[in-house]
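Asker: Can you read through this structure? Questions will come right after.
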Amino acid sequence: MGSSLSCCGAEKVDEGVTLVGVNSPWRIFSYKELYTATNGFSEENKLGEGGFGSVYWGKTTDGLQIAVKKLKAMNSKAEMEFAVEVEVLGRVRHKNLLGLRGYCVGTDQRLIVYDYMPNLSLLSYLHGQFSSQVQLDWRRRMKIIIGSAEGLLYLHHEVTPHIIHRDIKASNVLLDSDFEPLVADFGFAKLIPEGVSHMTTRVKGTLGYLAPEYAMWGKVSESCDVYSFGILLLEILTGKKPIEKLPGGVKRTITEWAEPLIIKGRFKDLVDPRLRGNFDENQLRQAINVAALCVQNECEKRPNMKEVVSLLKGYQPKDKVTQMRMESVKYGEELLALDQGSGDDDDDDDNDPDESKGYGVFGAMEVQKMPEPRIRRGDRRIM
Ligand SMILES: Nc1ncnc2c1ncn2[C@@H]1O[C@H](COP(=O)(O)OP(=O)(O)OP(=O)(O)O)[C@@H](O)[C@H]1O
Ligand SMILES: [Mg+2]
């Protein structure tokens, strides 16, 4: 671990020492301090649970509200995710990326400390515990869309080396008290050496958001994030889940549902009914257009995040065709069968405090060349 953390300037630090990284000031926490702050990692303090552990609300002795992610398993995979997350977080600084507040490395614990985001994740407003409250009006949705896109633009084009997030999804977009979005969870991220256009890796991420070339062949590039962002965009505009389970058990992707409506120009039928018709029609048209560009099967045709941001803000990059084009992705039966729970909880997930359970997840060990797609079923993740 030591070497992995040296990027953050943590070569020689004692507990309690505050470091000023490229990001915001962060420090090393002791396990005892985090244990006390979270009331002994009690159930009442639990904010949610993901594939790699639970997240707890806490308050430090100096009054700072924090979210503590406690990795549940101490194995090489969890260690890798922890190291990647801390490494990447140490490199990023942007208003729409959730930075590092600190971490704790014990003999058998790994904990990451973030600022607490009072509005939790976008998932909780779209499909989770707050979904019935209709708090996401049009203005907030546009702010979340543009803010997340700007966070991604920074990762892809402004930080060196460039970073591919690889797990863009609603539960990884956190919301501050003002509904400003902060993209979180860099545990799956990949740093892209200069001059490299794409890499081949094992598949990580969440089914429903995975670009076809990545899901099938492990081919990863910035454009995989663009695809996931396109799905997220459709999800925010329509209020639909990326994969929905229809009566009878058939699973349908959001692109399969949206494509015919987009082709017919039926924008009002696409928009989330919870908005009750209160939206800006031009912005909706433009945002749907951008989503359609992002979710094209052929990665070369997708826009990059600079173009996405320009289009969302109403500018037209000169060399991009901005007409609607979309080919809905149909994951194979085998792949869809691996998606646990997405959409089969439509009736009860509004009340499910554990919002993360609504999604099937892909996961895997770190980068390895993979000539053929090889996907195996695991504990909610596929390795
Ligand atoms: N900084 C934070 N502030 C407030 N809530 C948070 C914070 N970080 C995480 N959460 C909550 O904890 C939940 C679980 O987060 P976590 O990243 O562990 O899992 P996930 O995103 O649902 O799934 P995955 O493991 O696939 O990333 C989130 O959905 C969110 O509601
Ligand atoms: Mg997450």
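The values are calculated or read from the model by the stated rules, or taken from the named source; none is laboratory data. No experiment lies behind these values; they were computed from the predicted model shown. All Cβ positions, even for glycine, are placed from backbone atoms using ideal geometry, and neighbour counts span all protein chains on display.
Asker: What residue, among those in region 6-28 that are crowded, with 16+ Cβ neighbours inside 10 Å and in contact with a Ser or Thr (Cβ under 8 Å, 6 or more places away or on another chain), is modelled with the highest pLDDT?
Answerer: Applying the filter and picking the extreme gives ARG27.
Asker: While we're on this one: Could you identify the single residue in ASN278, ASN282 that is in the same structural domain as GLN135 (by TED's automatic domain parsing), surrounded by fewer than 17 Cβ atoms within 10 Å (Cβ to Cβ) and at pLDDT 95 or above?
Answerer: The conditions single out ASN278.
Asker: With respect to ILE112, determine if the residue is touching a Leu at 6+ places or on another chain (Cβ under 9 Å), of a type outside the set (D, E, K, R) and closer than 30 Å to SER30 by Cβ.
Answerer: Criteria met by ILE112.
Asker: Tally the residues that are surrounded by fewer than 22 Cβ atoms within 10 Å (Cβ to Cβ) and closer than 18 Å to VAL183 by Cβ, restricting the search to region 97-119.
Answerer: Total satisfying the criteria: 6.
Asker: I would also like to ask the following. Tell me which residues, restricted to region 240-273, are outside any helix (DSSP H, G or I) and buried (at least 19 other Cβ atoms within 10 Å of the Cβ). Before the answer, list the steps.
Answerer: So in region 240-273, the residues outside any helix (DSSP H, G or I) come out as 240-253, 264-266, 271-272.
LYS240, LYS241, PRO242, ILE243, LYS251, THR253, VAL271, listed by residue number.
Asker: Another one. Go through (1) within 29 Å of GLY147 (Cβ to Cβ); (2) away from ligand 2 (no atom under 16 Å from the Cβ) for GLU44 and report which single condition fails.
Answerer: All conditions pass for GLU44, except number (1).
Asker: Can you tell me how many residues within region 119-139 are touching a helix residue (DSSP H, G or I) at 6+ places or on another chain (Cβ under 9 Å) and either of a type outside the set (S, T, N, Q) or away from ligand 1 (no atom under 16 Å from the Cβ) (or both)?
Answerer: Within region 119-139, the subset touching a helix residue (DSSP H, G or I) at 6+ places or on another chain (Cβ under 9 Å) is 119-138.
With either of a type outside the set (S, T, N, Q) or away from ligand 1 (no atom under 16 Å from the Cβ) (or both) added as a condition, the list becomes 120, 122-123, 125-128, 130, 132, 134, 136-138.
So the count comes out to 13.
Asker: Please specify each residue of region 145-191 satisfying the condition of being of a type in the set (Lys, Arg) and assigned to a loop (DSSP other than H, G, I, E, B). Steps first, answer last, please.
Answerer: The initial filter retains those residues of region 145-191 that are of a type in the set (Lys, Arg), namely 166, 169, 190.
Matches in region 145-191: ARG166, LYS169.
Asker: Considering (1) outside the structural domain of ASN304 (by TED's automatic domain parsing); (2) at pLDDT 90 or above; (3) crowded, with 17+ Cβ neighbours inside 10 Å, say which one LEU126 fails and leave the rest.
Answerer: Here LEU126 meets the rest and fails (1).
Asker: Give just the number: which of (1) modelled with pLDDT of 95 or more; (2) assigned to a loop (DSSP other than H, G, I, E, B) does GLU194 not satisfy?
Answerer: (1)
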